[in-house]
Amino acid sequence: MLCVLTEDLLIRVLEKLSSDADRKSWSLVCKEFLRVERLSRRKIRILHIEFLLGLLQKYCNIETLDLSVCPRIDDGAVSVLLSQGSLNWTKGLRKLVLCRVTGLGYWGLELLIRACPLLDAIDVSHCWRYGDREAAALSRATRLRELKMDKCLGVTDVGLAKIAVRCSKLESLSLKWCLEISDLGIDLLCKKCLDLKILDISYLKVTSESLHSIASLPKLELLAMAGCSFVDDAGLRFLEKGCRLLKAIDVSRCDCISSSGLTSIVSGHSGLVQIDAGYCFLELSLPLVQCLKNLKNLSTIRIDGVQVSDVALHIIGTNCKSLVEIGLIKCIGVTNMGIMQLVSGRDSCPNLICLKLESCDMVTEKSLYHLGSNCLLLEELDLTECSGINDRALKYLSRCSELLTLKLGLCTNISDIGLAYIACNFPKMMELDLYRCACIGDDGLAALASGCKKLIKLNVSYCNRITDRGMENISYLGELSDLEMRGLVNITSMGIKNVAVNCKRLADLDMKHCERVDDSGFWAIAFYSQNLRQINVSYCNVSDMVLCLVMGNLKRLQDAKLVHIAGATLKGLELALRASCGRIKKVKLQASLRFLLSSEILDTLHLRGCKIRWD
């Protein structure tokens, strides 16, 4: 049978498999399928450094190499990698993901870039120690089209200048949280990189002078400038007649911007498809709302934290028919009437996929009745702290069968009955937030486990009616990767053991204040939860030996919160940190230990690129 299928046909079949799990199953069928999978794979994400060289030899046609979750990548590891075996994998590599690879310095970075001549995209986000030397190394990739440098805290105008001069073909650049960059660096960037289409300068200490420079970019389509506190309306007016191709603007948390400044941008760019303007002015003014009527292609609007009226929501719903996402988080004045006028008019938001109503406390089941009747394509709904939401509201919502994400945190009127409605009607649900839904118990989780098999992320923190029986129900969720279960005072080691044994994909576990879980529960985590990357065991009861076992045995662990651990001594904590210092990237410790822990272990963690947060 297989002899009839040519390599081209097998590759075409393989391309139809979208999930990694399906592709893995395919490669296990036979040697021929494995060979074809290796030839056709274009992206690889490395988890263990010891397998890095062997995998790159096997997958020699990759275009994207992701090392963001691979601990212990440093200059020495890169030197060894490039000096051993064939370097065929470097010839076609186009994208390099080094996000949070804090152990890699400028020397190893330059070696890697020089070895990959076709690189056109690099991500070094959250490499917080990176400065101008690393920026100079990045500038060696002269073919760069896309560069992400979020939170590279040491990069200054000098480093940005090197990138701007040598990488003049840049089309996408993110400088979010690069706090040392000023108007001078942005001005040079805009003079040298005229092909820029995407630029993120969020939280930079730039002024309106930078917007004057940015306005000269002829191809700019997306500008993100969230949290730029020194930019005002005068700066936005520079953009009114510039950047004619602008499609998306983010001015959220810009303290000196008013609705008048945003109106100037909207009036000058009728092709806008996305507006983010949360927490930057008090009220959605009528002139701005009238300007929004002309944005026929507007697909996303986020106006969190402003005061809105029913009239404004009616105008938006009636005229902006292409909207797929609306953000009204903590908006004052959102009522049932406003939601009805937003979604219930003729052709009002027929394609709405995402609606965020966090802390809109006047929203009740009446709003969800209209959502359930008119927004059948809805995939994400945020009702966090909407105190008027109850079980009946979830029953009305049940017609939205495409729902993937539902946030009900602090909705204290939700019970197991409401959870049963969710389980029966939302089989595609992937994320559910039940934070402090105090009426949720074991029966509700039983229904959830039977109806929502695709759940990936679940938050049941402080749902104190949940017992070990509820945890057993959670353990049937085989796809679960993110579980928050803070403050579950009735959970014991038996409950957490069920989750550890059965939820093999668990990557993020928050057990803060689960005080009844003892060493046997953490022992189960250490041996069965091998995919864990983040764990919070603050205020838990763990002995020195088991804490060392957890930190040493979880080979993928990169982020640990270890505050006020009952049962652990100072010596035990030091041994646990030593057991994981080769791969841990972030650790949270109580502030009182800052001068008690040995300087040697703290220096070692720092040299390995680990960021310590003192609580």
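Only residues that are surrounded by fewer than 19 Cβ atoms within 10 Å (Cβ to Cβ) and either not assigned by the TED database to the domain that holds residue 399 or not polar (S, T, N, Q) (or both) were counted in the stretch 334-352, giving 5. With the checklist (1) closer than 21 Å to residue 483 by Cβ; (2) acidic (Asp, Glu); (3) open to solvent by less than 40 Å² (accessible area, probe 1.4 Å) in hand, flag the one item residue 380 doesn't pass. Of the numbered conditions (1) closer than 21 Å to residue 483 by Cβ; (2) acidic (Asp, Glu); (3) open to solvent by less than 40 Å² (accessible area, probe 1.4 Å), the odd one out for residue 380 is (3). Evaluate the following for residue 613: is it open to solvent by 50 Å² or more (accessible area, probe 1.4 Å) and either of a type in the set (Gly, Ala, Ser) or within 29 Å of the chain's Cα centre (by Cα) (or both)? Criteria met by residue 613.
Listed by position, the helices (runs of 4 or more DSSP H) contained in the stretch 254-333 that have at least 3 residues being more than 17 Å from residue 350 (Cβ to Cβ) and open to solvent by 20 Å² or more (accessible area, probe 1.4 Å) are 259-268, 286-292. Scan the stretch 141-152 for residues that are surrounded by fewer than 22 Cβ atoms within 10 Å (Cβ to Cβ) and more than 17 Å from residue 199 (Cβ to Cβ) and jot them down. Of everything in the stretch 141-152, those that are surrounded by fewer than 22 Cβ atoms within 10 Å (Cβ to Cβ) and more than 17 Å from residue 199 (Cβ to Cβ) turn out to be 142, 143.
For the stretch 299-318, indicate whether the set of residues that are farther than 30 Å from residue 179 by Cα, hydroxyl-bearing (Ser, Thr, Tyr), assigned by the TED database to the domain that holds residue 354 and under 29 Å from the mean Cα position of the chain (by Cα) is non-empty.
Initially, the stretch 299-318 is screened for residues farther than 30 Å from residue 179 by Cα, giving 299, 307-318.
Narrowing further to those that are hydroxyl-bearing (Ser, Thr, Tyr): 299, 309, 318.
Of the ones still in play, those that are also assigned by the TED database to the domain that holds residue 354 are 299, 309, 318.
Next, from what is left, pick out any that are under 29 Å from the mean Cα position of the chain (by Cα): 299.
Yes.
Scanning the stretch 536-589 for residues that are closer than 24 Å to residue 129 by Cα and open to solvent by less than 10 Å² (accessible area, probe 1.4 Å) gives 557, 560, 562, 577, 580, 584, 587, 589. The single residue among 461, 398 that is assigned by the TED database to the domain that holds residue 365 and polar (S, T, N, Q) turns out to be 398. The stretch 1-95 holds helices (runs of 4 or more DSSP H) entirely within its bounds, and those carrying 1 or more residues that are hydroxyl-bearing (Ser, Thr, Tyr) and touching a helix residue (DSSP H, G or I) at 6+ places or on another chain (Cβ under 9 Å) map to 20-27, 31-40, 75-83, 88-91.
Residue 372: buried (at least 19 other Cβ atoms within 10 Å of the Cβ) and not β-branched (Val, Ile, Thr), yes or no? Give the steps one after another, and end with the answer.
Numbers: buried (at least 19 other Cβ atoms within 10 Å of the Cβ): yes; not β-branched (Val, Ile, Thr): yes.
When the stated conditions are applied, residue 372 passes them.
Of all residues in the stretch 402-427, those that are more than 19 Å from the chain's Cα centre (by Cα) and open to solvent by 50 Å² or more (accessible area, probe 1.4 Å) total 8.
Among the residues of the stretch 124-133, is any open to solvent by 10 Å² or more (accessible area, probe 1.4 Å), assigned to a loop (DSSP other than H, G, I, E, B) and polar (S, T, N, Q)? No; the residues of the stretch 124-133 include none that is open to solvent by 10 Å² or more (accessible area, probe 1.4 Å), assigned to a loop (DSSP other than H, G, I, E, B) and polar (S, T, N, Q).
Yes or no, residue by residue, for (1) of a type outside the set (A, V, I, L, M); (2) more than 30 Å from residue 238 (Cα to Cα):
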| residue | (1), (2) |
| --- | --- |
| 268 | yes, no |
| 298 | no, no |
| 319 | yes, no |
| 343 | no, yes |
| 346 | yes, yes |
| 370 | yes, yes |
| 382 | yes, yes |
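Selection within the stretch 592-610: residues that are within 28 Å of the chain's Cα centre (by Cα) and open to solvent by less than 70 Å² (accessible area, probe 1.4 Å). The member of this set that is modelled with the lowest pLDDT is 609. Under the condition of being among the aliphatic types (A, V, I, L, M) and open to solvent by less than 10 Å² (accessible area, probe 1.4 Å), the residues counted in the stretch 174-183 number 2.
One residue stands out in the stretch 184-203 among those that are in a helix (DSSP H, G or I) and open to solvent by less than 40 Å² (accessible area, probe 1.4 Å): the one that is farthest from residue 609 (Cα to Cα), namely 190.
For (1) buried (at least 18 other Cβ atoms within 10 Å of the Cβ); (2) among the acidic types (Asp, Glu); (3) within 24 Å of the chain's Cα centre (by Cα); (4) not assigned by the TED database to the domain that holds residue 609, each residue gets a yes or a no:
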site	(1), (2), (3), (4)
139	yes, no, no, yes
154	no, no, yes, yes
165	no, no, no, yes
169	no, no, no, yes
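For the stretch 159-175, the tally of residues that are closer than 23 Å to residue 101 by Cβ, assigned to a helix (DSSP H, G or I) and either touching a strand residue (DSSP E or B) at 6+ places or on another chain (Cβ under 7 Å) or of a type outside the set (Lys, Arg) (or both) stands at 3.
Filtering the stretch 12-24 for residues that are under 27 Å from residue 118 (Cβ atoms), at pLDDT below 80, surrounded by 14 or more Cβ atoms within 10 Å (Cβ to Cβ) and among the basic types (Lys, Arg) leaves a non-empty set.
Here is a yes/no grid of residues against (1) open to solvent by 60 Å² or more (accessible area, probe 1.4 Å); (2) modelled with pLDDT of 90 or more:
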site	(1), (2)
78	no, yes
84	yes, no
88	yes, no
92	no, yes
99	no, yes
108	no, yes
111	no, yes
114	yes, yes
118	no, yes
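Of all residues in the stretch 366-414, those satisfying the criterion of being more than 23 Å from residue 465 (Cβ to Cβ) and either touching a strand residue (DSSP E or B) at 6+ places or on another chain (Cβ under 6 Å) or touching a residue at least 60 places away in the same chain (Cβ under 8 Å) (or both) are 380, 381, 382, 405.
When 557, 549 are checked against the criterion of being at pLDDT 95 or above, touching a helix residue (DSSP H, G or I) at 6+ places or on another chain (Cβ under 8 Å) and not polar (S, T, N, Q), 549 stands alone in meeting it.
The values are calculated or read from the model by the stated rules, or taken from the named source; none is laboratory data. A quick note: this is a predicted structure, and the numbers were derived from the prediction, not measured. Virtual Cβ from ideal backbone geometry, glycine too; neighbours counted across all protein chains shown. Just so you know, the surface numbers come from the protein's heavy atoms only, side chains and all, with ligands and any DNA or RNA stripped out. Shrake-Rupley method; radii C 1.70, N 1.55, O 1.52, S 1.80 Å.
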